[in-house]
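Here is the structure we will look at, set down as structure tokens.
The values are calculated or read from the model by the stated rules, or taken from the named source; none is laboratory data. Since we're looking at a predicted model, the values are computed, not measured. Here Cβ is always computed from backbone atoms with ideal geometry, including for glycine, and neighbour counts include all displayed protein chains.
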Amino acid sequence: MNPTPSSPGPAGCLTLLPGLGCDEELFAGLLPALRAAGHVCRVSTAHTRHDTMAAMATEIADTLQGATGPHRLVGCSMGAMLALMAAAQAPDAVAGLVLIGTSARPDPPDIVRLREWAAGEFEAGRIDPVLAPNVALALHEDSARDPVLVGRYLTMVRRAGGASLARQNRAVAARADLRPLLPRITAPTLVLCGDADQITPLEHAREIAHLLPDAELQLVPGTGHLPTLEQPARVLERLLPWLAAQRVF
């Protein structure tokens, strides 16, 4: 099904939340297997329409509250932060969470400054000079040597456009510390982390799993910050059994 960001999802829906500058392509390697297993999936585009993460999360929460049936949120990077925020706003509407490559901490001052610089570059149309060095940071070293995979990543982020990339970077930089929310989020949660994630390393994932009341942490080998793009089969090996064990669908 095509993304329909403002309409309520059907019963038993998985809402997938992309990371900064990402879209449905981030989940392309997961969607066929998820749908074959009987899961109804929709990919949110709330992150493309608002200037703050609070507003993005409110749209997601409002959509869930206007729908029927159990829902799970599957978020990557910034999308996982939004999943936590939406779950805190609409706890009765969220049956479970999958958090991939993320952090509950706010950006430190040096990263805030870097994001503001990047936002200015994006607004000026200088997208590729910012993205090129980011490849080695976002992807596992093996993934960064795969021209097809790198091409998919760059094409996806370019598709977002400079204005949206600038807005999303500023929204992430201004986000609040999410750690105080975590003990109140009781939905069963699967936390996945790439074993070579340089942006949100394992200690961030461990912190989230420790603070959430009902969380399981698993590593995804051979991946960096974007496991769903880099090694979708390895993500599915962890995701599908966890979803099946929840017995919601």
> Any residue at all in segment 208-220 that is small (Gly, Ala, Ser), farther than 16 Å from Val74 by Cα and either assigned by TED's automatic domain parsing to the domain that holds Cys22 or in contact (Cβ under 8 Å) with a residue 40 or more places away in the chain (or both)?
Replying inline: no
> Looking at segment 179-196, which of its residues are surrounded by 16 or more Cβ atoms within 10 Å (Cβ to Cβ) and touching a Pro at 6+ places or on another chain (Cβ under 8 Å)?
Replying inline: Ile185, Ala187, Leu192, Cys193, Gly194
>> When you check Val130 against the structure, is it among the β-branched types (Val, Ile, Thr), more than 17 Å from Pro18 (Cβ to Cβ), outside the structural domain of Arg49 (by TED's automatic domain parsing) and touching a helix residue (DSSP H, G or I) at 6+ places or on another chain (Cβ under 7 Å), yes or no?
In response: yes
> Looking at Asp142, is it assigned by TED's automatic domain parsing to the domain that holds Arg72 and more than 18 Å from the chain's Cα centre (by Cα)?
Replying inline: no
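May I ask you to verify whether Arg159 is basic (Lys, Arg), crowded, with 16+ Cβ neighbours inside 10 Å and touching a residue at least 40 places away in the same chain (Cβ under 8 Å)?
no
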> Taking Arg159, is it touching a strand residue (DSSP E or B) at 6+ places or on another chain (Cβ under 8 Å), at pLDDT 95 or above, within 19 Å of Cys76 (Cα to Cα) and basic (Lys, Arg)?
Replying inline: no
> With (1) aliphatic (A, V, I, L, M); (2) in contact (Cβ under 8 Å) with a residue 60 or more places away in the chain; (3) surrounded by 24 or more Cβ atoms within 10 Å (Cβ to Cβ) as the list, and Met53 as the residue in question, which single condition is left unmet?
Replying inline: (3)
> In segment 122-150, what residues are touching a residue at least 24 places away in the same chain (Cβ under 8 Å), part of a helix (DSSP H, G or I) and more than 15 Å from Leu226 (Cα to Cα)?
Replying inline: Phe122, Glu123, Asp128
> Is one or more of the residues making up segment 82-94 surrounded by fewer than 19 Cβ atoms within 10 Å (Cβ to Cβ), within 16 Å of the chain's Cα centre (by Cα) and at pLDDT below 95?
Replying inline: no
> Of all the residues that make up segment 204-249, how many are of a type in the set (S, T, N, Q), surrounded by fewer than 19 Cβ atoms within 10 Å (Cβ to Cβ) and part of a helix (DSSP H, G or I)?
Replying inline: 1
> What do you reckon, is Leu226 of a type in the set (A, V, I, L, M) and either at pLDDT below 95 or farther than 17 Å from Asp142 by Cα (or both)?
Replying inline: no
